[in-house]
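Visitor: The structure follows.
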Amino acid sequence: MRRNRDPTTRFDLILAKKRYSVESSVEGRDFLVSVEGRDFRVRLEEQPRGRIRATVNGEERMVSILDETASTLAVKIGGRPSTFERPPALLASGERVSSPLSVQAGLLLSPLPGLVVSIEVEEGDEVELGTPLVTIEAMKMESIIRADRRAKIREIVARKGESVRKGQPLLSYE
């Protein structure tokens, strides 16, 4: 039987030079997010043209990703631009690691569209920072997606040979 509520994940984000402590877990299709002690229930739904409908405590907002680099994420939320700083999403070698945004859900999200060439881990495996997890081929180049922290692999969602889109869950971890 699958648990309805996943373990809590903790991380920091920086917005306008202020650091925020964030805790998050997944309950059904929702994220339960606590930022500096304020609680939010968040549901994200992909929309056409790369937009996301975010429902936060029952209130809808449209979100667009404006730019994404190894250390920042620029978004427009309800028409207002914001830039979040985050830990590097790329290793020195240029190989990708999962995005800190995926950490909130305990999910490894595909950083690019492509074909799953290999899955390097199994459910129950304990991984370290930088451990190869999944290899994706896009435009005849292979990208190795690596762990962004120590974790235990809970469930493998993607399958070898499957085509995935950017942001699609590949696996979940604790």
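Readers should treat all values here as calculations from the given coordinates under stated rules, not as data from a laboratory. This structure is a prediction, so every number in the text was calculated from the model and none was measured.
Visitor: Can you list residues from other chains, or at least 5 along the same chain, whose modelled amide H is less than 5 Å from the amide H of Gln168?
Guide: Ser110
Visitor: 5 Å is the cut-off here: which amide hydrogens, built 1.01 Å from N in the peptide plane, fall below it relative to Asp148, excluding neighbours closer than 5 in sequence?
Guide: Here Ser98, Gly130 satisfy the definition.
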